[in-house]
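Novice: Here it is, the structure, as structure tokens.
The values are calculated or read from the model by the stated rules, or taken from the named source; none is laboratory data. These numbers were taken from a predicted model, which means no experiment stands behind them. Note that we place each Cβ from the backbone using ideal geometry, even for glycine, and neighbour counts take in every protein chain shown. Only protein heavy atoms, including side chains, enter the accessible area calculation; ligands, DNA and RNA are left aside. Shrake-Rupley method; radii C 1.70, N 1.55, O 1.52, S 1.80 Å.
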Amino acid sequence: MAISVAGGIRPGQVIAIERRLYQQLIVGKLKNQPVLDEVDVELEAAAHKLEIERAAVFERLQKQLQAREVFDAVSAQLIDTVARDIELNLAEPKRLLPKIGLSENQLSLLEMLHLANPEFNRMRLLISDLHFLVRDLTNMVNSPAFRLRHPQRADVRVVDIKLVMNFIGLENLRTLIPYYCLRNWLPSGHTSLLWTNRKLWRYCIMTARAAQALGKLHERNEALLYGTSMMSQLGTCAVLGCCAAAFEKLWGTWLREASASRDKEVYDAVMATELPPDLLLNQVLEYAGHFNWMLPELCKFSDSPMVNLLRELDQQPSFAELSLDAKLLAKASCFIRVMLLEEARMLEPQERRLMYDYYELSEQEVLRLKAQNYRKIDLF
């Protein structure tokens, strides 16, 4: 390039490339290979069945011009109603806190993990109050894979959370707790988000691993960078969950009303209507970055190091003006975006160079990031 773009206000081309990644995650039809944790099998079966039903109805509608006109009118009205409901919910972020499951105890626990010597008893009390975390950590310790590493207690099931924590160890807890918190934030039970969740989950894990690697390279707080990177998709999870919940609630209501009225054309039109991926994408691009730090602020964590970094990444338009830790988070995200877009064949070599140039990724950083194993998290 004749003129370097390194570090300044993000050029329009860089913004377009970054949006392309979210377009692939949310709108793209590519079904990624299974990742670290499989989505519920029953949900996948339900999504597949619904997809087949919609395809069959849509094929039938295609053959009937008049029915297609009914579909267009009913579907447009339903989607417009959903969009207005979503806007009302997103305008009041407090409504999202119980839906996403974010709490003061979660944030306190995540913050403790960044300390050099966190108080173990305090951690135990916080974990005990988070039922999903107790369940996930206990299941992991009692899993066949973990038992193979500890043959002396292969026949003993551990249920006491203090023993569970002792078996896992502090360093592994620094990795597992943000991992399980993120999994809990992902919107669950929505067939319309099955593939989006899988792709977003993979992107989150890979980015957190990259941030951790850069933290180690630059001798920064690895736990802080890893945990903050996991939290950097909190807003996306909240927006996706809000959109899916609004759609499925209204879709179900309209379907029942159409069934009760015995209007087959309207029923088929509602059945064939899907949550538009473009609607999801636009809401994520507009709200997610802001919600990353605003939702924790609503839980009274405005001065948390994690929240400060997320606020900085959202509000600072120039990469050069970011703090070192924020720069490392942005670099990790840049590297994984490039990797995933190239994997999907959605990025040209000159665009990769542009991204690396803007985010000032050095040759040493790129080599370190390329050497990481992004297929699994190293534990024990």
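Novice: Could the peptides 214-223, 341-350, 201-210, 263-272 be put in order, highest first, of the mean number of other beta-carbon atoms found within 10 Å of their residues?
Specialist: Ranked by mean Cβ neighbours within 10 Å, highest first: 201-210, 263-272, 214-223, 341-350.
Novice: Still on this structure, please answer the following. How big is the accessible area of F167 in square angstrom, nearest 10, if you roll a 1.4 angstrom probe over the protein chains?
Specialist: 70
Novice: Additional query: If one takes the longest principal axis of the Cα atoms in the chain, at what angle in degrees, from 0 to 90 and to the nearest 10, does the Cα axis of helix 41-62 lie?
Specialist: That helix lies at roughly 30 degrees to the long axis.
Novice: Quick one: net charge around Q316, please, counting Lys, Arg +1 and Asp, Glu -1 for every other residue with C-beta under 11 Å from its C-beta.
Specialist: Result for the local shell: 0.
Novice: Okay, next question. Once the other residues with Cβ under 12 Å from the Cβ of G227 are scored (Lys, Arg +1; Asp, Glu -1), what is the net sum?
Specialist: Its environment carries a net charge of -2.
Novice: State the volume of the convex hull built on the alpha-carbon positions of segment 113-207, expressed per residue in Å³ and rounded to an integer.
Specialist: 126
Novice: Could you work out how far helix 324-343 tilts from the main Cα principal axis of the chain, as a 0 to 90 degree angle to the nearest 10?
Specialist: 50
Novice: Also, I was wondering about something else. Per residue of the chain, what 222 nm ellipticity follows from adding -39500 (n - 2.57) for every DSSP H run with n ≥ 4, rounded to the nearest 500?
Specialist: Value at 222 nm, helices only: -23000 deg cm²/dmol.
Novice: Could I ask something else about it? Between the alpha-carbon centers of segment 82-135 and segment 241-306, tell me the distance in whole angstrom.
Specialist: Cα centroid of segment 82-135 versus Cα centroid of segment 241-306: 21 Å apart.
Novice: Decide, for segment 254-380, between rounded, prolate and oblate: order the square roots of the alpha carbon gyration tensor eigenvalues as a ≥ b ≥ c, take rounded if a/c falls under 1.5, and otherwise choose prolate if a/b is larger than b/c, else oblate.
Specialist: Because a/c hits 1.5 or more and a/b exceeds b/c, segment 254-380 counts as prolate.
Novice: Roughly how tilted is helix 277-298, in degrees to the nearest 10 and between 0 and 90, from the longest Cα axis of the chain?
Specialist: 40
Novice: As a quick test, which of the pairs K99/K216; K162/K199; K199/K331 have an alpha carbon distance above 23 angstrom in this structure?
Specialist: K99/K216; K162/K199
Novice: Which net charge results for the neighbourhood of K216, defined as the other residues with beta-carbon distances under 10 angstrom from its beta-carbon, given Lys and Arg at +1 and Asp and Glu at -1?
Specialist: Computed value for this residue: 0.
Novice: Given a Förster radius of 30 Å and the C-beta distance between A260 and E51 as r, what FRET efficiency does 1/(1 + (r/R0)^6) yield to the nearest 0.05?
Specialist: Step by step, r from the Cβ atoms, then E = 0.75.
Novice: On to the next question. Can you give the accessible area of D72, probe radius 1.4 Å, in Å² rounded to 10?
Specialist: 70
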